[in-house]
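Below is one structure, written out as structure tokens, with a few remarks after it.
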Amino acid sequence: MTQAALITGITGQDGAYLAQLLLQKGYAVSGLLPRRSSDTLWRLRELGIEGDVNLIGGDVSDLSAVLRAVKESKAAEVYNLAAQSFVGTSWQQPLLTAQVSGVGAANVLESIRLTDPAIRFYQASTSEMFGLIQAEKQDEKTPFYPRSPYGVAKLYAHWMTINYRESFGMHASTGILFNHESPLRGIEFVTRKVTDAVARIKHGQQKELRLGNIDAKRDWGFAGDYVDAMWRMLQQDKGDDYVVATGLTTTVREMCRIAFAHVGLSYKDYVVIDPQFFRPAEVDVLLGNPAKAQRQLGWTAGTSLEQLITMMVDADMRRVGG
Ligand code: NAP
Ligand code: G4F
């Protein structure tokens with residue numbers, strides 16, 4: 001029998017790659033589609049799967065809409081990826097971020113509990129919850145210290161998932177994913193902002209690149225690898241929590257160097273530091289320990305930062321070059 005899955009956030013970076021992966025595995029894939037006045041299907045289109053998924057209108061902050069989507073999709077697996085996911089915006093819209101990225105997860109959990117508690121659930125937790133890090137390498141046991149309204153909202157969703165697992169015996173898992181990027185990354189995130197700018201500068205369409213704290217360090221992997229870890233979590237005998245990361249950390253500065261060097265330029269000639277891109281509270285460094293995911297899921301990050309950034313620059317060179 002065909003296995004059915006529901007993805008909230010299906011139009012986002014991870015949602016698109018996860019939909020592609022599940023379709024390849026033979027799933028019937030549905031996605032929750034919030035109403036937007038402009039086209040948000042470009043990622044599904046780029047992957048050539050727009051016509052292969054069943055889109056169900058609804059917003060994750062609306063319990064009735066989520067409940068309807070869970071029932072209508074007949075999903076055996078629900079992946080909650082919907083979020084206001086940009087950290088910077090979460091200081092300007094803290095309550096919206098709480099409703100979507102925090103309470104949204106509770107709406108999905110409650111919809112599953114009311115429909116069929118045997119439905120398996122994945123929550124997109126985040127390394128942003130570690131914030132002001134309490135251990136040099138962060139794993140599933142490291143205490144959390146979020147530094148943004150986004151991180152705080154995600155921590156609520158994270159603990160609600162664990163609580164539903166413990167209270168109702170639900171197969172509910174959290175993936176504490178460290179930063180992951182791709183050619184489908186939103187333009188506001190730093191890697192894609194840089195690779196898009198590199199392509200525009202190389203094509204003579206932009207003169208400089210304005211950035212904030214380029215000494216921040218991130219553990220960056222490829223989104224295509226990370227959605228496979230999500231699926232693996234839901235194939236286990238029971239729900240659990242997993243850190244998904246590369247185990248390496250790099251500065252924004254070094255990431256810039258790699259991106260500009262790929263087209264024969266030096267970032268030092270183009271990057272301008274602009275205070276408007278500094279955050280009220282910064283997460284200075286993130287570095288994950290993915291040992292548990294390796295051991296229990298048989299998962300490893302298969303793409304180096306150099307491969308990832310050059311893949312993104314190449315994609316943006318093609319886009320900008322027309
Ligand atoms: P993304 O590209 O920003 O995608 C977010 C998705 O959520 C989009 O499809 C968006 O639709 C949807 N969404 C936003 N508000 C919604 C609402 N009210 N109702 C229903 N859907 C809504 O994020 P991503 O990078 O794919 O990340 C996927 C998930 O993993 C997110 O929960 C993110 O917080 C989490 N995460 C990401 C990373 C990372 O490095 N990428 C790391 C750890 C955790 P619209 O575009 O129409 O708004
Ligand atoms: O690319 P970023 O905006 O990603 P950030 O804040 O780490 O959040 C991403 O990863 C989280 C996982 O840890 C996810 F949960 C979250 O949803 C999102 O996907 O910024 C990365 C770093 C930050 O330290 C930021 O201050 O880059 C620094 N940075 C420096 N200049 C900049 C810029 N970030 C952005 N977006 N734009 C700049 O101009």
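A few notes on this one:
- Residue that is crowded, with 23+ Cβ neighbours inside 10 Å, more than 10 Å from ligand 1 (Cβ to nearest atom), under 19 Å from Tyr122 (Cβ atoms) and in contact (Cβ under 8 Å) with a residue 60 or more places away in the chain, where the choices are Ala19, Ala76, Ala5, Ala83: Ala5
- Of the listed requirements (1) crowded, with 22+ Cβ neighbours inside 10 Å; (2) in contact with a helix residue (DSSP H, G or I) (Cβ under 6 Å, 6 or more places away or on another chain), Arg232 misses just one: (1).
- Residues being among the basic types (Lys, Arg) and either in the same structural domain as Val198 (by TED's automatic domain parsing) or more than 26 Å from Ser125 (Cβ to Cβ) (or both) - total across the range 273-309: 1
- Test: residue in the range 298-320 that is assigned to a loop (DSSP other than H, G, I, E, B), among the hydrophobic types (A, V, I, L, M, F, W, C), over 16 Å from Arg200 (Cα atoms) and more than 16 Å from ligand 1 (Cβ to nearest atom): no
- Lone qualifier among Met233, Met317, Met312, Met255 - being in contact (Cβ under 8 Å) with a residue 24 or more places away in the chain, in the same structural domain as Tyr122 (by TED's automatic domain parsing) and of a type in the set (A, V, I, L, M, F, W, C): Met233
- Residue in the range 84-97 that is part of a strand (DSSP E or B), closer than 22 Å to Val283 by Cβ, assigned by TED's automatic domain parsing to the domain that holds Thr174 and among the hydroxyl-bearing types (Ser, Thr, Tyr) present: no
- Residue within the range 196-206 that is within 24 Å of Ala157 (Cα to Cα) and crowded, with 17+ Cβ neighbours inside 10 Å present: no
The values are calculated or read from the model by the stated rules, or taken from the named source; none is laboratory data. Please read all numbers here as calculations on a predicted model, not as lab measurements. Please note: Cβ atoms are built from the backbone with ideal geometry, for glycine as well, and neighbour counts cover all protein chains shown.
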